[in-house]
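Have a look at the structure below, then the notes.
Values in this text are rule-based calculations from the coordinates and carry no lab data. All of these numbers come straight from a predicted model, not from anything done at the bench. Because the Cβ atoms are built from the backbone with ideal geometry, glycine has one as well, and the counts that use them run over all protein chains shown.
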Amino acid sequence: MSGSSYGDDADIEGTLTVNDDGADKDVRIESDNNTHMLFVDASLDRVGIGTDAPDYTLDVAGDIGVDQYIRHNGDTNTHINFTEDK
């Protein structure tokens, strides 16, 4: 698929809503080399980064960067703490 109904490029400022009369529609954002950079599977409520077949609510195929904490929702004292050289 090349281009869009708006031409080869579309610049969007603000909110982009994808809807087709309430039907679930997948959203795919790709780079120039057709690598799946961000994929939303609307029927399963899953997001894939680097994959178009997410197995989980959030599925990252590749490395991720984290500053210091990954926190457990609703449990303030349960987390993974990435400190320097540990």
### Task
Binning at 5 Å from 0, report for the stretch 39-78 what percent of all alpha-carbon pair distances ends up in each bin.
6, 22, 18, 16, 20, 13, 3
### Query
Once amide H atoms are built 1.01 Å from N in the peptide plane, which residues 5 or more positions from LEU38, or in another chain, come under 5 Å H to H?
ILE29, GLY50
### Point-to-point label distance, THR78-ASP11, nm (Cα→Cβ direction, 7 Å offset)
4.7
#### Entry: Stretchable slack from ARG28 to ASP45, in nm (0.36 nm times residue separation minus alpha-carbon distance)
4.8 nm
